[in-house]
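Below is one structure; the comments refer to it alone.
The values are calculated or read from the model by the stated rules, or taken from the named source; none is laboratory data. Not measured: the values here are computed from a predicted model. In this analysis, Cβ positions are derived from the backbone assuming ideal geometry, glycine residues included, and neighbour counts consider all displayed protein chains. Please note that ligands, DNA and RNA were not included when accessible areas were found on the heavy atoms of the full protein model with its side chains. Shrake-Rupley method; radii C 1.70, N 1.55, O 1.52, S 1.80 Å.
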Amino acid sequence: MNKPNAVSLLPGIMVWAIALLITAIFCWILTDILWHGIGQLSWEFLTTSPKNAGREGGIAPILVSTLLILGVCMIVAIPIGVGTAILLAEFSDSESTFGRLVRRSLDILAGVPSIVFGLFGNAFFAKTLGLGFSILSGGLTLACMVLPILIRSIEAGFRAVPDDYRLGAAALGLSQTSTIWNILLPAATPGLVVGFVLGIGRAIAETAALIFTSGYVDRMPESLFDSGRALSIHIFDLSMNVAGGDANAYASALILILLLLLINSTAAWIANYWLQPPPT
């Protein structure tokens, strides 16, 4: 057998080099955040309100506002995203004008800058609908942002399900609704999880859109109609506008990363649990 020459090994070397470079950059960023932020973490930091413009105190109301905004975003986005993906994958021909138009629109929306969504959310949700600067306005705006990614990921998951599943269900006399709910949706769970994780990743780190919709207030929200400051905005404010706020900004960034890891791990666990076969 001929030994591989340098030319044939070059693509593999380039792929590994890029992967190692990306991993090194991630580890460098994570190490920097851990080095500067872990010393600030404490139970008091998680359970108290900011003081002295965020230089002191904790992030309790910031955490609550962030979770409420994410909750509104996902509660609105997931049903709409799953329904639209089912429409595109199961009820619309991939070559139809309607299907191509919707998919092209989703691809364009996925690349729209977040500040454009923020201006839209401010004009429509905050002013036209009268929701003002509120957690509800921020969550609905984020739902609009994550829907393109969510829909396309779930649609890809449905299209990845083999046609044998559909033919087998039809042979057994199952209705299309029953086939989708009991067979196709569980089989497309990986696509749903991918869309959820990507959507959460974009939503939880969003700053520009929330400045125009959820607001800047760092007090504990009492309802969805109250203004609330998300973690990403808090980090931006401490690092850019508050002298001496870098320590708490690093600690808040570390909490943001841990929160993202917790949500992603929970989503993966739920997906694995759902995909497990029932006990016999």
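Restricting attention to segment 132-145, does a residue exist that is farther than 27 Å from Thr266 by Cβ and at pLDDT 90 or above?
Yes, that holds for at least one residue.
State which residue is surrounded by the most Cβ atoms within 10 Å (Cβ to Cβ) when the search covers only segment 109-134 and only residues that are without any contact (Cβ under 8 Å) to a residue 40 or more places away in the chain and farther than 22 Å from Gly71 by Cβ.
Filtering segment 109-134 for residues without any contact (Cβ under 8 Å) to a residue 40 or more places away in the chain gives 109, 111-112, 116, 120, 123-124, 127-130.
Filter again for farther than 22 Å from Gly71 by Cβ, leaving 109, 111-112, 116, 123, 127-128.
On the way: Leu109: 16, Gly111: 7, Val112: 13, Val116: 13, Ala123: 12, Lys127: 12, Thr128: 9.
If we take residues in segment 109-134 being without any contact (Cβ under 8 Å) to a residue 40 or more places away in the chain and farther than 22 Å from Gly71 by Cβ, then Leu109 is surrounded by the most Cβ atoms within 10 Å (Cβ to Cβ).
Of all residues in segment 89-104, which are touching a helix residue (DSSP H, G or I) at 6+ places or on another chain (Cβ under 9 Å) and open to solvent by less than 50 Å² (accessible area, probe 1.4 Å)?
Hits for segment 89-104 are Ala89, Glu90, Ser92, Gly99, Val102, Arg103.
Name the residues in segment 98-129 that are of a type in the set (S, T, N, Q) and under 21 Å from the mean Cα position of the chain (by Cα), would you?
Across segment 98-129, the qualifying residues are Ser105, Ser114, Asn122.
Looking at (1) closer than 19 Å to Gly39 by Cβ; (2) under 13 Å from the mean Cα position of the chain (by Cα), which is the one condition that is false for Ile263?
Exception for Ile263: condition (1).
State the number of residues belonging to segment 174-200 that are more than 16 Å from Pro162 (Cα to Cα), of a type outside the set (A, V, I, L, M) and touching a residue at least 60 places away in the same chain (Cβ under 8 Å).
Number satisfying all stated conditions: 3.
Could you list, in sequence order, the residues of segment 18-56 that are outside any helix (DSSP H, G or I), open to solvent by less than 60 Å² (accessible area, probe 1.4 Å) and in contact (Cβ under 8 Å) with a residue 60 or more places away in the chain?
Across segment 18-56, the qualifying residues are Leu41, Ser49, Pro50.
Here are some residues: Leu136, Leu119, Leu142, Leu167. Which one is farther than 20 Å from Ser232 by Cα and of a type outside the set (Phe, Trp, Tyr)?
Only one candidate passes the filter, namely Leu167.
Failed condition for Pro148, given (1) within 18 Å of Trp181 (Cβ to Cβ); (2) within 22 Å of the chain's Cα centre (by Cα), with all others met?
It is condition (1) that Pro148 fails.
At least 1 residues that are open to solvent by less than 60 Å² (accessible area, probe 1.4 Å) and over 30 Å from Leu106 (Cα atoms) in each: list the helices (runs of 4 or more DSSP H) lying fully within segment 168-253 that qualify.
Those helices (runs of 4 or more DSSP H) span 231-240.
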